[in-house]
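J.: Structure incoming, see below.
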Amino acid sequence: MPQIATSRPELSRELGASHAAAVVVGTIIGSGIFLVPSEMMQAVGSARLVYLAWIAGGLLSFFGALTYAELGAMKPQAGGEYVYVRDAYGPLAAFLYGWTWFVVAKPASVATVVTGLVRILATFPVFSFFSANVISAPLGVTWGQLVAIAAAILISFLNYLGIKRAGEFQLVFTLLKIAIILGIVLVCFSGAGNVAGRGWSNFASTFAGAKGGIAGFMAALVAALWAYDGWNDLNMVAGEVKRPERNIPIALIAGVAAVGVLYMLMNAAVQYVLPASAIAASPRPASDAVALVMGRMGAGIVSAGMALSMLVTLNGTIMSGARVPFAVARDGYFFRALAQVHPRFHTPSVAIMVQAALSIVLLLLGANFRQLFSLAIFAEWLFYMIAGSTIFVFRRREPYAARPYRMWGYPVVPAVFVAVAAALLCYTFKNDWPNSGYGVLVILAGIPVFAHFARMRRRSVGKND
């Protein structure tokens, strides 16, 4: 009786250029643009320096996107940065990247996003019960925590059902998110006629209590970069992008550029309505600006826009995060189950479920997970620097390899990106050395784990031989 050849299911390329661009734009734009203008003004004290920080952060992110565009088009595989680090520096360095993202960075990102979503919803009177306990012992759990867990499970399940469904969700709601931001900008510029103190003169106002100096500007730049963060997530799902040699560069370059324009417009709209001192004093400058123009209804619209924005960011974060442990496991350096692809939905189903479970654990821990997220910031910039530097390795080692997209500005642009990432790494370590030190310990803890799986992999290969 003839045997029927079977092959393991694979991820399917179902994300078009518009979906890929939505992953970039939708993941980047979270709550940051609604909140960081206050932090930036407190740091530098003037509109001009705030814009300089936005421009510097946007250019650095754009330089990173150009670098990743070449890498993604050259190596369009699931895992993104993991693949670049693996091929440039070997399996240990790549594993430590995947380990850090799997254990801390992505689960903490998911937990942070859904916690922020719940906090925004709690500003509506109908959801005021979120702070009440559902369970008091042995572990206190609030209604808000349950809602956050439900949101993480819901979006994880959406991604479980297929990349096409998750991509369509990302595209539709990213377009709605952009429409809300443009609506806020239009309201602030056209409806501020009766608001005292509004106008172009606000752009020349200052905040006397600013931190100031180089330290102040670096703080503002870090806040801007936090708002721009997430542009690298597309490369993690490169294995599911149609025509990646074309669509990845287009999505990265156009997406980051579009976000930069939207951020500048939003910041200008807020400053048109509020002077520098009011922006610095406000925990939610965008909400306050629209509230002055439209009243309480305006503030509610901004809050709803923030909630929607964070839901789309959550989808992009869950989508991209699961591909990293999947790629590591496919190489044989992690639990085999994480490398499974669902036979019907063609998604890394087990990796998605485990990522959701880790996020839920952090959510049940409550405030403690925020420290984990803080220590992951150091690791994030470390791996940005390392992954960005791989372009020099590939250009030197593989000069004749197929490069569907060759980045503009090589070698200056990637060198600037890597150098500034290194500078921010030093700044982060200096200003938050306890959490940065813990971040280093988390990374180093992956070495014995790698040794264990590398040993198992060698045994498996030996048996097959």
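J.: Treat every Asp and Glu Cβ in the stretch 17-462 as -1 and every Lys and Arg Cβ as +1, leave all other atoms uncharged, and give the resulting dipole magnitude about the Cα centre to the nearest 20 debye.
T.: For this selection, approximately 860 debye.
J.: While we're looking at this one, here's another question. Shape verdict for the stretch 265-324, please, from the Cα gyration tensor: rounded (a/c under 1.5), prolate (a/b greater than b/c) or oblate.
T.: prolate
J.: Here's a follow-up. At a Förster radius of 30 Å, what calculated FRET efficiency corresponds to the Cβ-Cβ distance of residue 447 and residue 392, to the nearest 0.05?
T.: Plugging the Cβ-Cβ distance into 1/(1 + (r/R0)^6) gives 0.75.
J.: How far apart, in nanometres, would the label points at residue 179 and residue 459 be if each is projected 7 angstrom from Cα along the Cα-to-Cβ direction?
T.: Reported label-point gap for residue 179 and residue 459 is 5.7 nm.
J.: For the chain, what is the convex hull volume of the alpha-carbon atoms per residue, in Å³?
T.: Taking only Cα atoms, the chain has a hull volume of 167 Å³ per residue.
J.: What is the list of residues in the stretch 297-320 whose amide nitrogen lies under 13 Å from a point 7 angstrom out from the Cα of residue 186, following Cα to Cβ?
T.: Nothing falls inside the zone, counting backbone N under 13 Å.
J.: Beta carbons within 10 angstrom, averaged per residue: use that to sort the peptides 276-287, 36-47, 397-408, 115-126, highest first.
T.: Sorting 276-287, 36-47, 397-408, 115-126 by mean packing, highest first, produces 36-47, 276-287, 115-126, 397-408.
J.: Could you rank 264, 310 by how accessible they are, 1.4 Å probe, largest area first?
T.: Listed by decreasing accessible area, they come as 264, 310.
J.: List every residue whose amide H lies under 5 Å from the amide H of residue 345, counting only residues 5 or more places away in sequence or on a different chain, with H placed 1.01 Å from N in the peptide plane.
T.: HN-HN under 5 Å from residue 345: empty list.
J.: Taking all protein chains together and a probe of 1.4 Å, list 75, 430, 211, 242 from the most accessible to the least accessible.
T.: Order by accessible area, largest first: 430, 211, 242, 75.
J.: Also, I was wondering about something else. Using Cα pairs closer than 8 Å and at least 6 residues apart in sequence, work out the relative contact order for the stretch 17-462, in percent.
T.: Working: 759 pairs, mean separation 150.4, N = 446.
So the answer I get is 34 percent.
J.: If you line up the long axis of helix 244-273 against the longest principal axis of the chain, both from Cα atoms, how many degrees apart are they, to the nearest 10?
T.: Long axis of 244-273 versus the principal axis of the chain: about 20 degrees.
J.: What translational D, rounded to a whole number of µm²/s, comes out for the stretch 1-151 from Stokes-Einstein when the hydrodynamic radius is the Kirkwood one over Cα pairs, at 25 °C and 0.890 mPa s?
T.: 122
J.: Suppose all protein chains stay in the model; what accessible area per residue would a 1.4 Å probe give for the stretch 17-462, in Å²?
T.: I get 39 Å² per residue for the stretch 17-462.
J.: Counting only protein heavy atoms, what percent of the accessible surface of the chain is carbon or sulfur at a 1.4 Å probe?
T.: Of all accessible area on the chain, carbon and sulfur atoms account for 67 percent.
J.: If you project the alpha carbons of the stretch 179-295 onto the principal axes, what extent comes out on each, in Å, largest first?
T.: Largest first, the stretch 179-295 extends 53, 35, 21 Å along its Cα principal axes.
J.: Compute the acute angle (0 to 90°) between the alpha-carbon long axis of helix 433-464 and the principal axis of greatest extent of the alpha-carbon atoms of the chain; round to the nearest 10°.
T.: The helix 433-464 is inclined about 20 degrees to the chain.
J.: Moving on. Show the residues, 5+ positions off or on another chain, whose built amide H is closer than 5 Å to the amide H of residue 142.
T.: Counting only residues 5 or more places away or on other chains, the set is 134.
J.: Can you give the angle from 0 to 90° between the axis of helix 296-321 and the longest principal axis of the chain, with both taken from C-alpha atoms, to the nearest 10?
T.: For 296-321 against the chain, the angle is about 10 degrees.
J.: Non-local amide H neighbours of residue 46 (under 5 Å, H modeled in plane, Pro and chain starts lacking H): which ones?
T.: 207
J.: Would you check the accessible area of residue 103, probe 1.4 Å, heavy atoms only, in square angstrom rounded to 10?
T.: Around 60 Å² of this residue is reachable by solvent.
The values are calculated or read from the model by the stated rules, or taken from the named source; none is laboratory data. Predicted model, so just to flag it, every value in this text is computed and none were measured. Every residue, glycine among them, receives a Cβ derived from its backbone with ideal geometry; neighbour counts consider all protein chains shown. The accessibility values were calculated without ligands, DNA or RNA, using every heavy atom of the protein model including side chains. Shrake-Rupley method; radii C 1.70, N 1.55, O 1.52, S 1.80 Å.
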